[in-house]
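So the structure is just underneath, and the comments pick up after that.
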2 protein chains.
Amino acid sequence: MKIRELAEKTALSIHTIRFYEKEGLLDHRHVLREENNYRCYSDEATERLLLIKKLQRVGCSLSELKDILQEHDTHALTDLEIVEWILQKIKDTKHKKEELDQILGMLHWMLDYRVASMKDDQKELVMTKIQEAT
Amino acid sequence: MKIRELAEKTALSIHTIRFYEKEGLLDHRHVLREENNYRCYSDEATERLLLIKKLQRVGCSLSELKDILQEHDTHALTDLEIVEWILQKIKDTKHKKEELDQILGMLHWMLDYRVASMKDDQKELVMTKIQEAT
DNA sequence: GTAAACGATAGAGTGAACTCTAACGCAAGC
DNA sequence: GCTTGCGTTAGAGTTCACTCTATCGTTTAC
């Protein structure tokens, strides 16, 4: 598959995909060159880019991803090391969720506070909005 | 309180605090100048900086925070507008939590996959680690 | 066969959020 | 009174993750 198709499949820009390759996030298993020098991507490339997108959202930087994916690819890490990395990520993710819960609590508190100081007719309007939102 | 103390209380750097002020995230209610031109911070400053830190983690940019906080301060926003902003943030936050759940699912799947391919003695070691981590 | 669309490259530019530096003035401890 | 440390400023530099530009070659549709 050519770069445009991959870009559509992963919702990344063409620029970004080339940039990731340059940064070492993709290798020969993901990209090859055709005779005309065009890049040719495997299905694995799609998988990897989607994985990168996901892990980015748990706070992995590109350079961390590069390291862990490369080490994983070259089997430079033992199973134990990989398991430990995963466990750490699970811990981080749970922590992030807790933070979000805290923030949700705060937002709800802010909402109650605002609503309490409103006149009855506005209060009703807002209540329907809150119903809609939840 | 002087800048160093505020930096310690908020776990922000002195540079960052001055940077936030320059960006319009703090005003006269938070900072005043002493005769020697040193900044003098109120307790409200601590509150605001901690609030900024929290909201940043739900994906608010500094410029968005500047806008919403300034409008809030100057009562340029109606109660309804503020409620709508809060509702939007609640929605965003819930969405972020769902994403994290997805990622947690993926990480657990990765973990199971790894553990399945391990030898029994290593498996046991990993199992205790997993117990510890959860 | 030619124009439009697609692909390639090197390298510059962007925006967000810091982070640091140099050069200076005040302050507190000895 | 001198050193050390804290505070000030303007402005430069950094990092991250893109994003875009210019210039070129290739492919495809008409």
All conditions in (1) open to solvent by less than 50 Å² (accessible area, probe 1.4 Å); (2) of a type outside the set (A, V, I, L, M); (3) over 14 Å from the mean Cα position of the chain (by Cα) are true of B:Phe19 except (1)
Matching residues in region A:33-56 - criterion: being more than 10 Å from DNA strand C (Cβ to nearest atom) and open to solvent by 80 Å² or more (accessible area, probe 1.4 Å): A:Glu35, A:Asp43, A:Glu44, A:Glu47
Any residue that is closer than 30 Å to A:Arg57 by Cα, open to solvent by less than 60 Å² (accessible area, probe 1.4 Å) and in a loop (DSSP other than H, G, I, E, B) - is there at least one of those in region B:70-93? no
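Is it true that B:Lys2 is within 10 Å of DNA strand D (Cβ to nearest atom) and more than 14 Å from chain A (Cβ to nearest Cβ)?
Details: within 10 Å of DNA strand D (Cβ to nearest atom): yes; more than 14 Å from chain A (Cβ to nearest Cβ): yes.
When the stated conditions are applied, B:Lys2 passes them.
Only residues that are within 11 Å of chain A (Cβ to nearest Cβ) and either assigned to a helix (DSSP H, G or I) or within 25 Å of A:Asp120 (Cβ to Cβ) (or both): list them for region B:46-67, please.
Of everything in region B:46-67, those that are within 11 Å of chain A (Cβ to nearest Cβ) and either assigned to a helix (DSSP H, G or I) or within 25 Å of A:Asp120 (Cβ to Cβ) (or both) turn out to be B:Leu50, B:Leu51, B:Lys53, B:Lys54, B:Leu55, B:Gln56, B:Arg57.
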Return the total of residues in region A:1-32 being within 12 Å of DNA strand C (Cβ to nearest atom) and among the small types (Gly, Ala, Ser). 2
Considering only region B:101-120, how many residues are closer than 17 Å to A:Ile82 by Cβ and open to solvent by 50 Å² or more (accessible area, probe 1.4 Å)? 7
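The values are calculated or read from the model by the stated rules, or taken from the named source; none is laboratory data. Only a predicted model underlies this, so the values are computations on that prediction, with no experimental measurement involved. As a convention, Cβ positions derive from the backbone with ideal geometry for all residues, glycine included, and neighbour counts pool all protein chains shown. In case anyone asks, the SASA skips ligands and DNA or RNA and just uses the protein heavy atoms, side chains included. Shrake-Rupley method; radii C 1.70, N 1.55, O 1.52, S 1.80 Å.
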